[in-house]
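Working notes, beginning with the structure itself.
The values are calculated or read from the model by the stated rules, or taken from the named source; none is laboratory data. Just so it is clear, the model here is predicted, and its values are computed rather than measured. Every residue, glycine among them, receives a Cβ derived from its backbone with ideal geometry; neighbour counts consider all protein chains shown. These accessible areas exclude ligands, DNA and RNA; they are computed on the full protein's heavy atoms, side chains included. Shrake-Rupley method; radii C 1.70, N 1.55, O 1.52, S 1.80 Å.
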Amino acid sequence: MSRRRVAITGLGVVTSLGETADAMWEALCAGRSGIGPITRWDASALPSRFGGECAAFDVTRYGVEEKEARRLDRFAQFGLAASVRAVADAGLDFAREDAWRCGVLIGSGIGGIETMQEQHQILREKGLKRVTPFTVPRLMVNAASGNVSIRFGLRGPSTAVATACATGANAIGDACRLIQYDQADVMIAGGSEAALCLLGVASFCAARALSQRNDEPQRASRPFDKDRDGFVMSEGAGVVIIEELEHARARGARIYAELVGYGMTADAFHVTAPAPEGEGAQRAMKAAIDEAGIRLEEVDYINAHGTSTDLNDRYESIAIRKVFGKHCDNGLVVSSTKSMVGHLLGAAGGVELVFTAKAVYHGLVPPTMNHEVPGEECDLDYCPNQARKKDIRVAISNSFGFGGQNAVLALRKYEG
(Lines give C-alpha, C1' and ligand atoms only; values in the text may rest on other atoms or scores of the structure.)
Protein backbone atom coordinates (compact mmCIF):
# COMPACT_ATOMS: atom_id res chain seq x y z
CA MET A 1 0.00 0.00 0.00
CA SER A 2 1.44 3.36 -0.99
CA ARG A 3 1.71 6.04 1.68
CA ARG A 4 -0.36 9.19 1.35
CA ARG A 5 1.48 12.51 1.54
CA VAL A 6 1.12 14.64 4.66
CA ALA A 7 1.10 18.44 4.88
CA ILE A 8 1.55 20.74 7.86
CA THR A 9 -1.13 23.42 7.62
CA GLY A 10 -1.57 24.88 11.10
CA LEU A 11 0.72 25.84 13.98
CA GLY A 12 -0.22 26.52 17.60
CA VAL A 13 1.94 27.23 20.63
CA VAL A 14 1.89 28.28 24.23
CA THR A 15 5.41 29.19 25.34
CA SER A 16 7.17 31.70 27.55
CA LEU A 17 7.92 33.59 24.32
CA GLY A 18 4.29 33.96 23.29
CA GLU A 19 0.98 32.30 22.56
CA THR A 20 0.94 32.62 18.78
CA ALA A 21 3.33 30.99 16.35
CA ASP A 22 4.05 34.33 14.67
CA ALA A 23 4.85 36.20 17.91
CA MET A 24 6.99 33.34 19.11
CA TRP A 25 8.85 33.10 15.79
CA GLU A 26 9.60 36.83 15.74
CA ALA A 27 11.01 36.67 19.27
CA LEU A 28 12.98 33.54 18.52
CA CYS A 29 14.66 34.97 15.42
CA ALA A 30 15.48 38.14 17.31
CA GLY A 31 17.32 36.04 19.89
CA ARG A 32 15.02 37.02 22.76
CA SER A 33 14.81 34.75 25.79
CA GLY A 34 11.64 33.63 27.52
CA ILE A 35 13.50 32.49 30.63
CA GLY A 36 13.09 34.26 33.98
CA PRO A 37 12.48 33.78 37.71
CA ILE A 38 9.58 31.54 38.71
CA THR A 39 6.69 33.74 39.90
CA ARG A 40 3.62 31.49 40.27
CA TRP A 41 4.88 29.88 43.48
CA ASP A 42 7.71 30.22 45.99
CA ALA A 43 10.86 28.63 44.57
CA SER A 44 13.26 30.28 47.03
CA ALA A 45 14.27 27.04 48.74
CA LEU A 46 15.37 25.34 45.51
CA PRO A 47 18.83 25.39 43.94
CA SER A 48 17.24 26.28 40.58
CA ARG A 49 14.68 29.09 40.84
CA PHE A 50 13.91 30.04 37.24
CA GLY A 51 12.40 28.62 34.08
CA GLY A 52 10.33 29.22 30.98
CA GLU A 53 7.12 30.15 32.74
CA CYS A 54 3.91 31.06 30.89
CA ALA A 55 3.03 33.54 33.62
CA ALA A 56 0.38 35.49 31.68
CA PHE A 57 -1.47 32.42 30.38
CA ASP A 58 -5.25 32.40 30.93
CA VAL A 59 -7.23 29.57 29.36
CA THR A 60 -10.50 31.53 29.59
CA ARG A 61 -9.24 33.56 26.62
CA TYR A 62 -9.73 30.40 24.56
CA GLY A 63 -13.45 29.95 25.08
CA VAL A 64 -13.21 27.99 28.33
CA GLU A 65 -15.45 29.10 31.22
CA GLU A 66 -13.84 29.49 34.65
CA LYS A 67 -15.80 26.55 36.10
CA GLU A 68 -14.60 24.28 33.30
CA ALA A 69 -11.06 25.61 33.61
CA ARG A 70 -10.93 24.39 37.22
CA ARG A 71 -11.56 20.88 35.92
CA LEU A 72 -8.51 20.95 33.66
CA ASP A 73 -4.92 20.55 34.78
CA ARG A 74 -2.60 23.24 33.49
CA PHE A 75 -1.04 20.87 30.92
CA ALA A 76 -4.48 20.14 29.41
CA GLN A 77 -5.22 23.87 29.35
CA PHE A 78 -2.00 24.46 27.42
CA GLY A 79 -2.82 21.67 24.96
CA LEU A 80 -6.33 22.99 24.38
CA ALA A 81 -5.13 26.57 23.86
CA ALA A 82 -2.40 25.54 21.41
CA SER A 83 -4.94 23.42 19.51
CA VAL A 84 -7.37 26.33 19.24
CA ARG A 85 -4.54 28.46 17.83
CA ALA A 86 -3.46 25.74 15.38
CA VAL A 87 -6.99 25.14 14.08
CA ALA A 88 -7.47 28.88 13.53
CA ASP A 89 -4.08 29.15 11.83
CA ALA A 90 -5.02 26.29 9.48
CA GLY A 91 -8.35 27.94 8.60
CA LEU A 92 -10.18 24.72 9.38
CA ASP A 93 -13.94 24.59 9.88
CA PHE A 94 -14.63 21.16 11.33
CA ALA A 95 -18.35 21.60 10.66
CA ARG A 96 -17.43 21.07 6.99
CA GLU A 97 -15.31 17.98 7.71
CA ASP A 98 -16.18 14.34 8.31
CA ALA A 99 -15.75 14.12 12.10
CA TRP A 100 -14.96 10.41 11.86
CA ARG A 101 -11.93 11.22 9.67
CA CYS A 102 -10.46 13.83 12.03
CA GLY A 103 -8.59 13.02 15.21
CA VAL A 104 -6.29 14.15 18.01
CA LEU A 105 -2.96 12.88 19.30
CA ILE A 106 -1.49 15.15 21.96
CA GLY A 107 0.98 13.61 24.37
CA SER A 108 2.56 14.60 27.66
CA GLY A 109 5.68 13.33 29.30
CA ILE A 110 4.26 13.58 32.82
CA GLY A 111 0.62 14.65 32.59
CA GLY A 112 -1.15 16.38 35.47
CA ILE A 113 1.68 16.58 37.99
CA GLU A 114 0.39 19.90 39.37
CA THR A 115 -2.96 18.24 40.11
CA MET A 116 -1.17 15.36 41.79
CA GLN A 117 0.85 17.75 43.95
CA GLU A 118 -2.21 19.84 44.84
CA GLN A 119 -4.55 16.96 45.66
CA HIS A 120 -1.94 15.10 47.69
CA GLN A 121 -1.52 18.20 49.83
CA ILE A 122 -5.30 18.49 50.24
CA LEU A 123 -5.49 14.82 51.22
CA ARG A 124 -2.82 15.26 53.90
CA GLU A 125 -4.11 18.56 55.28
CA LYS A 126 -7.89 18.34 54.88
CA GLY A 127 -8.71 14.66 54.55
CA LEU A 128 -10.30 12.24 52.09
CA LYS A 129 -13.57 14.10 51.60
CA ARG A 130 -11.87 17.19 50.23
CA VAL A 131 -10.09 15.43 47.35
CA THR A 132 -11.79 16.50 44.12
CA PRO A 133 -13.60 13.87 42.03
CA PHE A 134 -11.89 15.48 39.01
CA THR A 135 -8.45 14.32 40.15
CA VAL A 136 -8.11 11.46 37.69
CA PRO A 137 -9.68 13.28 34.70
CA ARG A 138 -7.26 16.14 35.36
CA LEU A 139 -4.05 14.18 35.77
CA MET A 140 -4.46 11.48 33.10
CA VAL A 141 -2.07 11.82 30.17
CA ASN A 142 -4.86 11.70 27.57
CA ALA A 143 -6.70 14.64 29.16
CA ALA A 144 -5.40 17.07 26.54
CA SER A 145 -6.40 14.86 23.61
CA GLY A 146 -9.79 14.06 25.12
CA ASN A 147 -10.70 17.67 25.80
CA VAL A 148 -9.54 18.84 22.37
CA SER A 149 -11.58 16.05 20.74
CA ILE A 150 -14.65 17.18 22.69
CA ARG A 151 -14.05 20.86 21.94
CA PHE A 152 -14.08 20.29 18.16
CA GLY A 153 -16.38 17.26 18.01
CA LEU A 154 -13.73 15.04 16.42
CA ARG A 155 -14.64 11.34 16.39
CA GLY A 156 -11.68 9.82 14.61
CA PRO A 157 -8.55 8.51 16.35
CA SER A 158 -8.02 10.11 19.77
CA THR A 159 -5.09 8.91 21.80
CA ALA A 160 -1.98 10.06 23.64
CA VAL A 161 1.73 9.28 23.81
CA ALA A 162 4.06 9.42 26.82
CA THR A 163 7.73 8.97 25.89
CA ALA A 164 9.37 11.55 28.16
CA CYS A 165 11.09 14.32 26.18
CA ALA A 166 10.45 12.56 22.86
CA THR A 167 6.68 12.71 23.43
CA GLY A 168 5.75 15.61 21.14
CA ALA A 169 7.74 14.21 18.21
CA ASN A 170 6.37 10.70 18.71
CA ALA A 171 2.82 12.08 18.87
CA ILE A 172 3.22 13.93 15.57
CA GLY A 173 4.98 10.98 13.93
CA ASP A 174 2.29 8.55 15.06
CA ALA A 175 -0.44 10.92 13.87
CA CYS A 176 1.35 11.16 10.52
CA ARG A 177 1.18 7.36 10.21
CA LEU A 178 -2.60 7.48 10.69
CA ILE A 179 -2.91 9.84 7.73
CA GLN A 180 -0.34 8.04 5.58
CA TYR A 181 -2.21 4.76 5.92
CA ASP A 182 -5.71 6.22 5.46
CA GLN A 183 -6.96 6.02 9.05
CA ALA A 184 -7.59 9.78 9.14
CA ASP A 185 -7.53 12.84 6.89
CA VAL A 186 -6.79 15.51 9.52
CA MET A 187 -5.00 15.22 12.86
CA ILE A 188 -4.34 17.69 15.66
CA ALA A 189 -1.01 16.52 17.08
CA GLY A 190 1.75 17.59 19.45
CA GLY A 191 2.77 17.73 23.07
CA SER A 192 1.87 19.61 26.24
CA GLU A 193 3.58 19.87 29.61
CA ALA A 194 3.10 21.77 32.86
CA ALA A 195 5.72 20.31 35.19
CA LEU A 196 7.07 23.70 36.26
CA CYS A 197 5.64 23.20 39.74
CA LEU A 198 7.32 22.56 43.09
CA LEU A 199 7.26 18.77 42.77
CA GLY A 200 8.46 18.83 39.17
CA VAL A 201 11.32 21.27 39.67
CA ALA A 202 12.38 19.68 42.97
CA SER A 203 12.55 16.29 41.25
CA PHE A 204 14.88 17.50 38.51
CA CYS A 205 16.94 19.44 41.05
CA ALA A 206 17.38 16.22 43.01
CA ALA A 207 18.63 14.59 39.80
CA ARG A 208 21.11 17.49 39.39
CA ALA A 209 19.82 18.04 35.87
CA LEU A 210 18.96 21.76 36.03
CA SER A 211 21.11 24.83 35.57
CA GLN A 212 21.72 26.78 38.76
CA ARG A 213 22.61 30.06 37.04
CA ASN A 214 20.03 31.94 39.13
CA ASP A 215 21.72 35.33 38.77
CA GLU A 216 21.51 35.31 34.97
CA PRO A 217 18.62 33.06 33.94
CA GLN A 218 18.47 34.30 30.34
CA ARG A 219 22.04 33.08 29.85
CA ALA A 220 21.49 29.77 31.62
CA SER A 221 20.41 27.63 28.67
CA ARG A 222 23.58 27.41 26.57
CA PRO A 223 23.47 24.32 24.37
CA PHE A 224 26.80 23.02 23.07
CA ASP A 225 28.69 25.67 25.05
CA LYS A 226 31.66 24.80 27.26
CA ASP A 227 30.10 26.49 30.30
CA ARG A 228 26.70 24.78 30.20
CA ASP A 229 25.60 23.48 33.60
CA GLY A 230 22.24 21.82 32.98
CA PHE A 231 18.93 22.42 31.25
CA VAL A 232 16.33 25.08 31.96
CA MET A 233 12.89 23.70 32.69
CA SER A 234 9.89 25.22 30.90
CA GLU A 235 6.18 24.73 30.38
CA GLY A 236 3.78 25.07 27.48
CA ALA A 237 2.53 23.25 24.39
CA GLY A 238 3.25 22.86 20.71
CA VAL A 239 0.55 21.58 18.35
CA VAL A 240 0.38 21.20 14.58
CA ILE A 241 -2.43 20.50 12.16
CA ILE A 242 -1.39 17.82 9.72
CA GLU A 243 -3.58 16.62 6.88
CA GLU A 244 -3.48 14.52 3.77
CA LEU A 245 -1.92 16.64 1.06
CA GLU A 246 -4.79 16.45 -1.45
CA HIS A 247 -7.24 17.29 1.30
CA ALA A 248 -5.18 20.40 2.11
CA ARG A 249 -4.93 21.37 -1.56
CA ALA A 250 -8.66 20.93 -2.12
CA ARG A 251 -9.52 23.48 0.54
CA GLY A 252 -6.78 25.91 -0.52
CA ALA A 253 -4.82 25.58 2.70
CA ARG A 254 -1.48 27.27 3.33
CA ILE A 255 1.14 24.55 3.53
CA TYR A 256 4.14 25.24 5.75
CA ALA A 257 5.98 22.07 4.77
CA GLU A 258 5.52 18.40 4.02
CA LEU A 259 6.11 15.88 6.78
CA VAL A 260 8.11 13.27 4.90
CA GLY A 261 10.00 11.12 7.41
CA TYR A 262 9.72 9.68 10.92
CA GLY A 263 12.32 7.61 12.72
CA MET A 264 12.20 6.20 16.22
CA THR A 265 14.54 3.93 18.14
CA ALA A 266 15.37 2.89 21.69
CA ASP A 267 18.85 3.13 23.19
CA ALA A 268 18.28 0.09 25.42
CA PHE A 269 21.14 1.45 27.50
CA HIS A 270 20.14 3.53 30.55
CA VAL A 271 16.94 5.06 31.87
CA THR A 272 18.34 8.63 31.93
CA ALA A 273 21.73 8.73 30.18
CA PRO A 274 21.94 8.63 26.36
CA ALA A 275 23.81 5.79 24.67
CA PRO A 276 27.50 6.53 24.04
CA GLU A 277 28.06 8.50 20.83
CA GLY A 278 24.29 8.73 20.40
CA GLU A 279 23.96 5.38 18.64
CA GLY A 280 20.16 5.36 19.00
CA ALA A 281 19.95 8.95 17.83
CA GLN A 282 22.05 8.08 14.78
CA ARG A 283 19.72 5.29 13.79
CA ALA A 284 16.61 7.42 14.33
CA MET A 285 18.00 10.17 12.09
CA LYS A 286 18.90 7.63 9.41
CA ALA A 287 15.42 6.06 9.61
CA ALA A 288 13.68 9.43 9.14
CA ILE A 289 15.94 10.32 6.22
CA ASP A 290 15.51 6.91 4.59
CA GLU A 291 11.72 7.11 4.85
CA ALA A 292 11.81 10.58 3.32
CA GLY A 293 13.76 9.19 0.37
CA ILE A 294 16.30 11.99 0.46
CA ARG A 295 20.10 12.16 0.30
CA LEU A 296 22.07 13.21 3.36
CA GLU A 297 23.41 16.29 1.59
CA GLU A 298 19.85 17.51 0.97
CA VAL A 299 19.36 18.15 4.69
CA ASP A 300 20.05 21.85 5.25
CA TYR A 301 18.99 22.32 8.88
CA ILE A 302 18.69 20.30 12.08
CA ASN A 303 16.66 21.58 15.01
CA ALA A 304 18.69 19.79 17.67
CA HIS A 305 17.42 18.33 20.91
CA GLY A 306 20.27 20.40 22.41
CA THR A 307 19.31 20.45 26.07
CA SER A 308 22.38 22.26 27.49
CA THR A 309 23.44 19.18 29.44
CA ASP A 310 26.90 17.63 29.16
CA LEU A 311 26.14 14.17 27.75
CA ASN A 312 23.16 15.08 25.54
CA ASP A 313 24.94 17.90 23.72
CA ARG A 314 28.16 15.95 23.28
CA TYR A 315 26.56 12.70 22.09
CA GLU A 316 24.03 14.43 19.84
CA SER A 317 26.88 16.34 18.17
CA ILE A 318 28.85 13.12 17.69
CA ALA A 319 25.74 11.38 16.33
CA ILE A 320 25.11 14.15 13.79
CA ARG A 321 28.71 14.03 12.60
CA LYS A 322 28.67 10.24 12.29
CA VAL A 323 25.45 10.35 10.23
CA PHE A 324 26.25 13.34 8.00
CA GLY A 325 30.03 13.13 7.75
CA LYS A 326 31.59 15.75 5.45
CA HIS A 327 28.22 17.46 5.00
CA CYS A 328 28.65 18.81 8.56
CA ASP A 329 31.40 21.05 7.17
CA ASN A 330 29.69 21.81 3.89
CA GLY A 331 26.47 23.69 4.62
CA LEU A 332 24.63 21.74 7.33
CA VAL A 333 23.40 24.12 10.05
CA VAL A 334 22.31 23.00 13.52
CA SER A 335 20.63 25.07 16.22
CA SER A 336 18.99 24.54 19.58
CA THR A 337 15.98 26.75 20.21
CA LYS A 338 16.00 25.55 23.83
CA SER A 339 18.58 28.30 24.31
CA MET A 340 15.63 30.74 24.30
CA VAL A 341 12.56 28.79 25.43
CA GLY A 342 14.21 26.21 27.66
CA HIS A 343 13.25 22.55 27.75
CA LEU A 344 9.51 21.85 27.63
CA LEU A 345 9.96 18.12 28.33
CA GLY A 346 7.06 16.25 26.68
CA ALA A 347 6.02 19.39 24.80
CA ALA A 348 9.50 20.03 23.39
CA GLY A 349 9.07 17.96 20.24
CA GLY A 350 5.79 19.68 19.38
CA VAL A 351 7.10 23.19 19.98
CA GLU A 352 10.31 22.46 18.10
CA LEU A 353 8.47 21.03 15.09
CA VAL A 354 6.57 24.32 14.94
CA PHE A 355 9.95 26.09 14.97
CA THR A 356 11.28 23.78 12.27
CA ALA A 357 8.23 24.22 10.03
CA LYS A 358 8.60 27.99 10.38
CA ALA A 359 12.29 27.75 9.50
CA VAL A 360 11.51 25.81 6.31
CA TYR A 361 8.64 28.10 5.35
CA HIS A 362 10.53 31.37 5.89
CA GLY A 363 14.01 30.21 4.88
CA LEU A 364 15.50 31.35 8.17
CA VAL A 365 17.52 29.43 10.75
CA PRO A 366 16.85 30.47 14.37
CA PRO A 367 20.00 30.91 16.44
CA THR A 368 21.58 29.01 19.27
CA MET A 369 21.90 31.75 21.86
CA ASN A 370 24.52 31.92 24.61
CA HIS A 371 26.95 29.94 22.48
CA GLU A 372 30.39 31.41 23.15
CA VAL A 373 33.01 28.67 23.47
CA PRO A 374 32.21 25.25 21.96
CA GLY A 375 32.11 22.39 24.41
CA GLU A 376 34.16 19.21 24.13
CA GLU A 377 33.31 17.32 20.91
CA CYS A 378 30.75 19.98 20.01
CA ASP A 379 32.20 20.93 16.63
CA LEU A 380 29.26 21.71 14.32
CA ASP A 381 27.86 24.93 12.87
CA TYR A 382 25.37 25.84 15.62
CA CYS A 383 24.26 29.17 14.09
CA PRO A 384 25.56 31.01 17.16
CA ASN A 385 23.71 34.02 18.55
CA GLN A 386 22.16 35.34 15.32
CA ALA A 387 19.49 34.05 12.95
CA ARG A 388 20.66 33.22 9.44
CA LYS A 389 18.89 33.38 6.09
CA LYS A 390 19.08 30.04 4.31
CA ASP A 391 17.03 28.24 1.68
CA ILE A 392 16.00 25.14 3.60
CA ARG A 393 14.97 22.29 1.33
CA VAL A 394 14.89 19.63 4.03
CA ALA A 395 15.07 19.91 7.81
CA ILE A 396 14.95 17.41 10.63
CA SER A 397 13.90 17.87 14.24
CA ASN A 398 15.50 15.70 16.93
CA SER A 399 13.82 14.71 20.20
CA PHE A 400 15.36 12.35 22.74
CA GLY A 401 13.99 11.32 26.12
CA PHE A 402 14.48 9.43 29.35
CA GLY A 403 13.98 5.73 28.90
CA GLY A 404 16.25 5.84 25.86
CA GLN A 405 13.55 7.24 23.54
CA ASN A 406 14.67 8.72 20.21
CA ALA A 407 12.28 10.36 17.74
CA VAL A 408 13.19 12.29 14.59
CA LEU A 409 10.88 14.06 12.15
CA ALA A 410 11.87 15.15 8.63
CA LEU A 411 10.25 18.07 6.78
CA ARG A 412 10.56 19.05 3.13
CA LYS A 413 9.87 22.44 1.61
CA TYR A 414 6.55 22.43 -0.22
CA GLU A 415 6.99 23.46 -3.84
CA GLY A 416 3.36 23.21 -4.96
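Residues are listed down the side, and each one gets a yes or a no for (1) without any contact (Cβ under 8 Å) to a residue 24 or more places away in the chain; (2) on the phi > 0 side of the Ramachandran plot; (3) part of a loop (DSSP other than H, G, I, E, B):
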| residue | (1), (2), (3) |
| --- | --- |
| 7 | no, no, no |
| 12 | no, no, no |
| 23 | yes, no, no |
| 31 | no, yes, yes |
| 43 | no, no, yes |
| 48 | no, no, yes |
| 68 | yes, no, no |
| 72 | no, no, yes |
| 79 | no, no, no |
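Note on region 158-211: residues that are aliphatic (A, V, I, L, M), open to solvent by 10 Å² or more (accessible area, probe 1.4 Å) and out of contact with any Pro (no Cβ under 9 Å at 6 or more places or on another chain) total 10. Looking only at region 336-355, decide whether some residue is among the small types (Gly, Ala, Ser), outside any helix (DSSP H, G or I) and in contact (Cβ under 8 Å) with a residue 40 or more places away in the chain. Checked against the condition, which is being among the small types (Gly, Ala, Ser), outside any helix (DSSP H, G or I) and in contact (Cβ under 8 Å) with a residue 40 or more places away in the chain, region 336-355 yields at least one hit. Filtering region 256-269 to residues that are among the hydrophobic types (A, V, I, L, M, F, W, C) and open to solvent by 20 Å² or more (accessible area, probe 1.4 Å) leaves 264, 266, 268, 269. Can you find a residue in region 213-222 that is crowded, with 24+ Cβ neighbours inside 10 Å and in contact with a strand residue (DSSP E or B) (Cβ under 6 Å, 6 or more places away or on another chain)? No, region 213-222 has no match at all. Is it fair to say residue 190 is on the phi > 0 side of the Ramachandran plot and within 17 Å of the chain's Cα centre (by Cα)? Yes. Here residue 415 meets the list (1) at pLDDT 95 or above; (2) surrounded by fewer than 19 Cβ atoms within 10 Å (Cβ to Cβ) almost entirely, failing just condition (1). Here the condition is being of a type in the set (A, V, I, L, M) and under 17 Å from the mean Cα position of the chain (by Cα); of 353, 364, 380, it holds for 353 alone. Within region 387-405, being open to solvent by less than 10 Å² (accessible area, probe 1.4 Å) and not hydroxyl-bearing (Ser, Thr, Tyr) holds for 392, 394, 395, 396, 398, 404.
Could you tell me whether any residue of region 225-239 is touching a strand residue (DSSP E or B) at 6+ places or on another chain (Cβ under 9 Å), surrounded by fewer than 17 Cβ atoms within 10 Å (Cβ to Cβ) and closer than 14 Å to residue 36 by Cα? No - not one qualifying residue is present in region 225-239.
Residues of region 14-37 include none that is acidic (Asp, Glu), within 30 Å of residue 134 (Cα to Cα) and touching a Ser or Thr at 6+ places or on another chain (Cβ under 7 Å). Looking at the structure I just gave you, is residue 2 part of a loop (DSSP other than H, G, I, E, B), touching a strand residue (DSSP E or B) at 6+ places or on another chain (Cβ under 9 Å) and either open to solvent by less than 20 Å² (accessible area, probe 1.4 Å) or of a type in the set (S, T, N, Q) (or both)? Considered against the rule, which asks whether it is part of a loop (DSSP other than H, G, I, E, B), touching a strand residue (DSSP E or B) at 6+ places or on another chain (Cβ under 9 Å) and either open to solvent by less than 20 Å² (accessible area, probe 1.4 Å) or of a type in the set (S, T, N, Q) (or both), residue 2 comes out as no.
Within region 364-379, the set of residues being buried (at least 21 other Cβ atoms within 10 Å of the Cβ) and not polar (S, T, N, Q) comprises 365, 366, 367, 369, 371, 378. Among the residues of region 21-43, those identified as among the β-branched types (Val, Ile, Thr) and either open to solvent by less than 20 Å² (accessible area, probe 1.4 Å) or in contact with a Leu (Cβ under 9 Å, 6 or more places away or on another chain) (or both) are 35, 38. Scanning region 292-334 for residues that are surrounded by fewer than 17 Cβ atoms within 10 Å (Cβ to Cβ) and of a type in the set (Asp, Glu) turns up 297, 298, 310, 329.
If I filter region 349-362 for residues that are on the phi > 0 side of the Ramachandran plot, at pLDDT 95 or above and surrounded by 22 or more Cβ atoms within 10 Å (Cβ to Cβ), do I get at least one hit? Among the residues of region 349-362, not one is on the phi > 0 side of the Ramachandran plot, at pLDDT 95 or above and surrounded by 22 or more Cβ atoms within 10 Å (Cβ to Cβ), which makes the answer no. Here 38, 8 are screened, and the one residue that is within 21 Å of residue 194 (Cβ to Cβ), among the aliphatic types (A, V, I, L, M) and modelled with pLDDT of 95 or more is 38.
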